[in-house]
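The values are calculated or read from the model by the stated rules, or taken from the named source; none is laboratory data. Nothing here was measured: the structure is a model prediction, and the numbers come from that model. Every residue, glycine as well, gets a Cβ built from its backbone with ideal geometry; the counts of neighbours run over all protein chains shown. Heavy atoms of the whole protein, side chains included, go into the accessibility calculation; ligands, DNA and RNA do not. Shrake-Rupley method; radii C 1.70, N 1.55, O 1.52, S 1.80 Å.
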Amino acid sequence: MAEGDDANTGDQARAAFQDHVVDPTRKAGEAMQASGRRMVENSSTIGVAIIDQAQTNAQEAFAAMRAAAQARDLSEVMQIQGDFLRQQGKRSMDQAREIGELIMRFGRAAVTPAKGE
């Protein structure tokens with residue numbers, strides 16, 4: 001075997017190692033980092049949505065309490081309370097749907113490979 005053949009075989013082995021081990025490992029690491037970043041962003045988005053919903057719920061509760069405090073009689077208080085409970089029930093369903101849709105969207109994105117990978 002000639003000396004040039006040994007160098008050529010070594011270059012081929014290095015290239016094969018690079019192609020079959022190093023590059024896939026690097027790509028997997030990059031994909032994991034990207035996935036981690038997406039998870040943090042998604043968690044933040046869900047957290048902000050929940051805080052926004054809690055703020056809306058608190059504002060609506062205080063508005064109902066304010067209206068009840070200014071009511072002229074017990075029947076008006078009962079009407080305000082009933083309206084608030086109906087609206088809060090609808091709001092709760094809408095808010096649960098919103099969070100559920102966010103979670104589903106993030107779940108689909110997590111199992112769908114990013115473009116270019």
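Per-structure values
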quantity: S43 vs. criteria under 29 Å from A110 (Cβ atoms), open to solvent by less than 100 Å² (accessible area, probe 1.4 Å), of a type outside the set (K, R) and out of contact with any Cys (no Cβ under 7 Å at 6 or more places or on another chain); calculated: yes
quantity: Every pair of residues 6+ apart whose Cβ atoms lie under 8 Å, when the first sits in region 91-105 and is farther than 16 Å from T56 by Cα and open to solvent by less than 80 Å² (accessible area, probe 1.4 Å) while the second is of a type in the set (A, V, I, L, M) and part of a helix (DSSP H, G or I); calculated: L102/I46; L102/A49
quantity: Helices (runs of 4 or more DSSP H) wholly inside region 1-111 that include at least 2 residues being modelled with pLDDT of 90 or more and under 13 Å from the mean Cα position of the chain (by Cα); calculated: 23-69, 74-111
quantity: Region 67-78, subset among the aliphatic types (A, V, I, L, M) and open to solvent by less than 100 Å² (accessible area, probe 1.4 Å), residue farthest from R105 (Cα to Cα); calculated: A71
quantity: Hey, Q87 surrounded by fewer than 14 Cβ atoms within 10 Å (Cβ to Cβ), touching a residue at least 24 places away in the same chain (Cβ under 8 Å) and not hydroxyl-bearing (S, T, Y) or not; calculated: yes
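So that you can scan it fast, the table gives a plain yes or no per residue for (1) free of Cβ contacts under 8 Å to residues at least 12 places away in the same chain; (2) under 30 Å from G107 (Cα atoms); (3) open to solvent by less than 40 Å² (accessible area, probe 1.4 Å); (4) among the small types (G, A, S):
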site: A15; (1), (2), (3), (4): yes, no, no, yes
site: P24; (1), (2), (3), (4): yes, yes, no, no
site: A28; (1), (2), (3), (4): yes, yes, no, yes
site: M32; (1), (2), (3), (4): yes, yes, no, no
site: R38; (1), (2), (3), (4): no, yes, no, no
site: I50; (1), (2), (3), (4): no, yes, no, no
site: F62; (1), (2), (3), (4): yes, no, no, no
site: M65; (1), (2), (3), (4): yes, no, no, no
site: I80; (1), (2), (3), (4): no, no, yes, no
